[in-house]
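See structure below.
The values are calculated or read from the model by the stated rules, or taken from the named source; none is laboratory data. None of the values given here were measured: they were computed from a predicted structure. These accessible areas exclude ligands, DNA and RNA; they are computed on the full protein's heavy atoms, side chains included. Shrake-Rupley method; radii C 1.70, N 1.55, O 1.52, S 1.80 Å.
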Amino acid sequence: MAKERVGHIVISKRVVQIGHEVYPLANISRVQTLQVHWGGKYATLYPLRQIAAIVLVVGAVVGAAVLVPPRLPPSVDSDIEEMARQFAAVLSAAAGVVVAYWLVILLYRLFLRRRRYALVIETAGTQYTALSGTDYPEIHRIRNVIVGAIENPPTQSTSVQVHGDVVMGDKVGRDQHKQTGSGNRMYT
């Protein structure tokens, strides 16, 4: 499914139409709202692993570049010690820039990244992520409207307006949500 905004949802006596998808009310066995948890390279604390690896590798190389040249025999040219110090300084500066980049990503993920939620509709054993977005109250409201329609189908077709950051489908960027476990967690 493409990432497109949902303007309205049409609920009739027998079907729910969300965008171009149509779900028979009689076949819907479960409707739930789940929080999307980030995994892999999009996980919140993933940058810490990158920072730790950079600090360890660069620390070992810089330590070797600073400690080894003074212990070389005096017959070796003294320019090697100066080149090793310059190499250590350049490598430290480059590593500092990369670590700063990962720290910015970490801070963004910790403090600015908004939580994402998904509306999952289960029909005859198959689960579909119908909607996703960052507006939890709106997704929860839509879930309640669909559940109300299952319990008490409307006599005529009604249109439910959708507001906020709610899009069709199960994708965040290029990554697709996957529901795992007992049905209470969803990962990207």
Post the alpha-carbon centroid distance, region 109-124 to region 19-96, in whole angstrom. 27 Å
In whole Hz, with x marking every Gly and Pro, tabulate ³J(HN,Hα) for region 25-38 from phi via Karplus 6.51 cos²θ - 1.76 cosθ + 1.60, θ = phi - 60°. 4, 5, 8, 6, 9, 7, 10, 9, 10, 10, 8, 8, 9, 7
Once all protein chains are kept in place, R115 shows an accessible area at probe 1.4 Å, nearest 10 Å², of 150 Å²
If you line up the Cα atoms of region 76-148 on their principal axes, what length do they span on each, largest first, in Å? 83, 27, 10
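With a 1.4 Å probe and all protein chains kept in place, how do L48, L106 rank by accessible area, largest first? It would help to have the intermediate numbers written out before the result.
Details: L48 85, L106 15 Å².
Ranked from most to least accessible, the order is L48, L106.
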Do me a favour and compute the ellipsoid semi-axes for region 28-71 from its Cα gyration tensor, root of five times each eigenvalue, largest one first, whole Å. 48, 6, 4
